Amino acid sequence: MGSPASPIVAHLVMEKLLDTCLEKLKTKPTIVTKYVDDLFVILETSAIHDTLTMFNSFSDNIKFTMEEESNGRIPYLNTIIYRNNDRLEVDCYQKPTASGRIIHFFSKHPKQMIINTA
């Protein structure tokens, strides 16, 4: 990552991966969405292992990890997605390890970096 072309390449690779893998799955996911190289997938519990194995078999250079929902909630990017009756709802999410600290305005960091943290 870091190159201006990285998000474009990631998008193309993920599209190819999804096209290839989803076609081969016996149990199709209910929802599949992606953001660059992160996937959010809703599928039957019995299909979790097969789906992860299929995605990980696409390339030796790409290995997926997964998080399962806990108490009807799952973090995705900077959000928490949770079930409310039969609906999915989204709220802001902050990792438990987040310190809440920001760069002091008078620190020796470049001013643009300080402004960008705001």
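The values are calculated or read from the model by the stated rules, or taken from the named source; none is laboratory data. From a predicted model like this one, the values you see are computed outputs, not experimental measurements. Counting neighbours? That spans all protein chains shown, and the Cβs are built from the backbone with ideal geometry, glycine included. The area values use the complete protein model at the heavy-atom level, side chains included, leaving out ligands, DNA and RNA. Shrake-Rupley method; radii C 1.70, N 1.55, O 1.52, S 1.80 Å.
Which whole-number percent gives the relative contact order of the chain, counting Cα pairs below 8 Å spaced six or more residues apart? Display every interim value, and only then the final one.
Values: 88 pairs, mean separation 14.3, N = 118.
The value is 12 percent.
Go through 32-45, 92-105 and give me the packing order, highest mean Cβ count within 10 Å leading. Provide the component values of the computation, followed by the final result.
Working: 32-45: 13.8, 92-105: 8.6.
Per-residue mean Cβ counts within 10 Å order the peptides as 32-45, 92-105.
Which lysines does K95 reach when only Cα atoms under 22 Å apart count, and residues fewer than 8 places away in its own chain are ignored?
By straight Cα distance, K95 reaches K34.
Using a 1.4 angstrom probe on heavy atoms only, work out the carbon and sulfur share of the accessible area of the range 16-74 in %. Walk me through the intermediate numbers first.
Details: 2000 of 4240 Å².
The nonpolar share, carbon plus sulfur, comes to 47 percent.
May I ask you to give the solvent-accessible area per residue for the range 1-110, in square angstrom, as obtained with a 1.4 angstrom probe? List each step's numbers first, then the result.
Values: 8740 Å² over 110 residues.
Heavy-atom SASA per residue in the range 1-110 reads 79 Å².
If packing is taken as the mean number of other Cβ atoms within 10 Å per residue, what is the order of 80-86, 107-113, highest first? Each step should come with its number before you reach the end.
Working: 80-86: 11.6, 107-113: 9.6.
Ranking, from highest mean packing down: 80-86, 107-113.
Calculated from the structure, Kirkwood radius over Cα pairs in Å equals which of (1) 16.0; (2) 17.6; (3) 17.2?
(3)
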